[in-house]
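The values are calculated or read from the model by the stated rules, or taken from the named source; none is laboratory data. The shown structure was predicted, so the numbers you read here are calculated from the model rather than taken from an experiment. All Cβ positions, even for glycine, are placed from backbone atoms using ideal geometry, and neighbour counts span all protein chains on display.
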Ligand code: M6R
């Protein structure tokens, strides 16, 4: 019996379906951030409190005896590496060098016995990072990959691998993988501390709990999207942005600046706030926007004095500050509020309003969110 088929037109395509109802992949991926952290932390701690990485094929003895850590990565992954430096040095008491992957292989790097190289890459296919770990291996280093893609080139070529379990990231601007990378690396820092006995067991447990609280804090920030959009609306005419932070607020500032420049094509620079006086202050004048990460109580006073300096020169100040910070309103023109978190974990929370800000600015300027001009998701040629 003949079957009569009637064509049915649908007004969506495969890409729209994959976006799961969001306008773009970036929004989807920003909203997936709490899950990206939760998945990355899942099953990483045994009942006895030992932090464990099933995929890490390096013995405990070897990890314990590490003399020096070198991190190689590019872009957002490099910023995650900078956060890891603070955590590994603080908790595991091993000195850490963080290198831009494309610089590492051309500078005749020193690899001594006991050097552990960590290559961080969302895609695991970034040519600069792969070449850097090849160079490190040639010189005798043990290499750990931190990547989001199972069986990627970086994973295959490394001695060991830790997977960030953030799920596929499509948007050129990396978001959820940054949070997953920081979570995985801070966990590795705690594992190193356990092996080297540099942090009391009860403190490791407390840090682990703190790390697990981050997903909910990120979810809280995501509910505040509209207040970030309101700030972006006020600043749509601005053309120059300086992002400032101290301690782990510095890599957070770098990441905020990178998000803004790649998405909106506006001039944005990230600086350690203490460097301001060493040059950049000359560029501060009315019309310039200073975005400051002011969430760390230990850095608060210093940050406020930096902000007073830029205010005195006419800058507009946007501060990322905690919910309980009452003093910030006196100096900042706009405040992006976040829940307080353990300072070492704060980049995962504080970067979220900066991602939303960059997104809102780019949207306001009519930019292509998922495919910014001149950029590829993965850079596979030098
Ligand atoms: O795949 P990777 O993590 O190695 O990529 C590194 C950079 O190319 C990447 O983070 C780039 O900076 C992003 N577009 C930033 O959003």
Identity of the residue in the range 131-142, within 15 Å of the ligand (Cβ to nearest atom) and either surrounded by fewer than 24 Cβ atoms within 10 Å (Cβ to Cβ) or part of a strand (DSSP E or B) (or both), that ends up nearest to the chain's Cα centre (by Cα)
131
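State all residues of the range 209-227 that are over 17 Å from residue 347 (Cβ atoms) and not in a loop (DSSP other than H, G, I, E, B); if no residue qualifies, say none.
Keep residues of the range 209-227 that are over 17 Å from residue 347 (Cβ atoms), which gives 209, 223-227.
Passing the criteria: 209, 225, 226, 227.
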Please specify each residue of the range 36-51 satisfying the condition of being more than 16 Å from the ligand (Cβ to nearest atom) and surrounded by 14 or more Cβ atoms within 10 Å (Cβ to Cβ).
37, 38, 39, 41, 44, 45, 50, 51
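Condition first: part of a helix (DSSP H, G or I) and loosely packed, with under 12 Cβ neighbours inside 10 Å. Now tell me which residues in the range 309-335 satisfy that.
Step one: of the range 309-335, the residues part of a helix (DSSP H, G or I) are 309-312, 328-330.
312, 330, listed by residue number.
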Index of the failed condition, residue 206 passing every other in (1) in contact (Cβ under 8 Å) with a residue 24 or more places away in the chain; (2) on the phi < 0 side of the Ramachandran plot:
(1)
Single residue of the range 106-128 satisfying the filter (touching a residue at least 60 places away in the same chain (Cβ under 8 Å) and assigned to a strand (DSSP E or B)) that is farthest from the ligand (Cβ to nearest atom)
118
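Take residue 251 and decide whether it is touching a residue at least 12 places away in the same chain (Cβ under 8 Å) and within 25 Å of residue 345 (Cβ to Cβ).
Values: touching a residue at least 12 places away in the same chain (Cβ under 8 Å): yes; within 25 Å of residue 345 (Cβ to Cβ): yes.
So residue 251 fits the description; yes.
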Conditions (1) farther than 17 Å from residue 382 by Cβ; (2) part of a strand (DSSP E or B); number of the one not met by residue 61
(2)
Given (1) assigned to a helix (DSSP H, G or I); (2) farther than 24 Å from residue 87 by Cα, residue 236 misses just (1)
Exception for residue 244 within (1) crowded, with 18+ Cβ neighbours inside 10 Å; (2) not in a strand (DSSP E or B) falls at (2)
Checking residue 199 against (1) more than 16 Å from the ligand (Cβ to nearest atom); (2) surrounded by 22 or more Cβ atoms within 10 Å (Cβ to Cβ); (3) more than 30 Å from residue 288 (Cβ to Cβ): exactly one of these is not met. Which one?
(2)
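Regarding residue 192, is this residue surrounded by 18 or more Cβ atoms within 10 Å (Cβ to Cβ) and either assigned to a helix (DSSP H, G or I) or in contact with a helix residue (DSSP H, G or I) (Cβ under 6 Å, 6 or more places away or on another chain) (or both)?
yes
Here is a yes/no grid of residues against (1) over 30 Å from residue 84 (Cα atoms); (2) under 21 Å from the mean Cα position of the chain (by Cα):
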| site | (1), (2) |
| --- | --- |
| 231 | yes, no |
| 248 | no, yes |
| 268 | no, yes |
| 290 | no, yes |
| 319 | no, yes |
| 324 | no, no |
| 331 | yes, no |
| 337 | no, yes |
Taking the range 209-241, which residues are touching a helix residue (DSSP H, G or I) at 6+ places or on another chain (Cβ under 7 Å) and without any contact (Cβ under 8 Å) to a residue 60 or more places away in the chain?
241
Looking at the structure I just gave you, is residue 103 within 16 Å of the ligand (Cβ to nearest atom), within 21 Å of residue 39 (Cβ to Cβ) and out of contact with any strand residue (DSSP E or B) (no Cβ under 8 Å at 6 or more places or on another chain)?
no
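Select from the range 267-289 the residues that are in contact with a strand residue (DSSP E or B) (Cβ under 6 Å, 6 or more places away or on another chain) and not in a strand (DSSP E or B) and write down the one among them that is modelled with the lowest pLDDT. Write out each step before concluding.
We begin by selecting, within the range 267-289, every residue in contact with a strand residue (DSSP E or B) (Cβ under 6 Å, 6 or more places away or on another chain); these are 267-271, 273, 280, 288-289.
Subset that is not in a strand (DSSP E or B): 273, 280, 288.
Working: 273: 97, 280: 93, 288: 98.
Selected residue: 280.
Give the range 66-86 a look and list any residue that's more than 12 Å from the ligand (Cβ to nearest atom) and either outside the structural domain of residue 105 (by TED's automatic domain parsing) or not in a helix (DSSP H, G or I) (or both), or say none.
66, 67, 68, 69, 70, 71 - these are the residues of the range 66-86 that are more than 12 Å from the ligand (Cβ to nearest atom) and either outside the structural domain of residue 105 (by TED's automatic domain parsing) or not in a helix (DSSP H, G or I) (or both).
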